[in-house]
Amino acid sequence: MRFAVDRLDHLVLAVRDTDISAAWYQRVMGMETDPLGDNDADPREGDGIALRFGGQVVMLRTLDHEATPRAGAMVAGAADLCFATALGWEDVVAHLHDCGVAVELGPVPRVGALGPIRSVYCRDPDRNLIEIASYFGD
């Protein structure tokens, strides 16, 4: 048997303020928020917020959160994340504009996990690079 992972279950994003970041991801990215800390089975939980979308989770943790183990360098603003949407890039740009979020770059052609995409780039409150990709339209 050859070992292989099946999918990404969750990732942890270091942020300066979980409430500010969670509000941004909820308003701009349409993610559901869920406070961590109600899971007695995992003592690492607490003092964070889970962002849920589809079958994925991004966990927000403050830089001073003492969960172990943890990444070697928890740094806010160091992430470069790509999220796919079923909307066309025109709708993505309009939505970002409506939310008061500046488009840093795009739409530009890129290659995603499933093939060609059009991407629009912006920044979250911690200055993480957020790529919003559309596989639909041109």
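The residues on offer are 133, 113, and the sole one that is surrounded by 12 or more Cβ atoms within 10 Å (Cβ to Cβ), touching a Cys at 6+ places or on another chain (Cβ under 9 Å), under 21 Å from residue 8 (Cβ atoms) and among the small types (Gly, Ala, Ser) is 133.
Which of the residues that make up region 80-95 are charged (D, E, K, R) and assigned to a strand (DSSP E or B)? Residue satisfying the conditions is 80 alone. Close contacts from region 117-138, counting a first residue that is at pLDDT below 95 and a second that is among the β-branched types (Val, Ile, Thr) and surrounded by 20 or more Cβ atoms within 10 Å (Cβ to Cβ), with Cβ to Cβ under 6 Å and a gap of 6+ residues or different chains, come to 135/117. Within region 60-77, is even one residue in the same structural domain as residue 28 (by TED's automatic domain parsing), in a strand (DSSP E or B) and surrounded by 19 or more Cβ atoms within 10 Å (Cβ to Cβ)? The answer is yes; a qualifying residue exists.
Would you point out the residue of region 6-28, among those that are β-branched (Val, Ile, Thr) and out of contact with any Lys or Arg (no Cβ under 8 Å at 6 or more places or on another chain), that is nearest to residue 98 (Cα to Cα)?
28
The values are calculated or read from the model by the stated rules, or taken from the named source; none is laboratory data. Please read these numbers as outputs of a predicted model, since none were measured by experiment. Glycine gets a Cβ as well: all are built from the backbone with ideal geometry, and neighbour counts include every protein chain shown.
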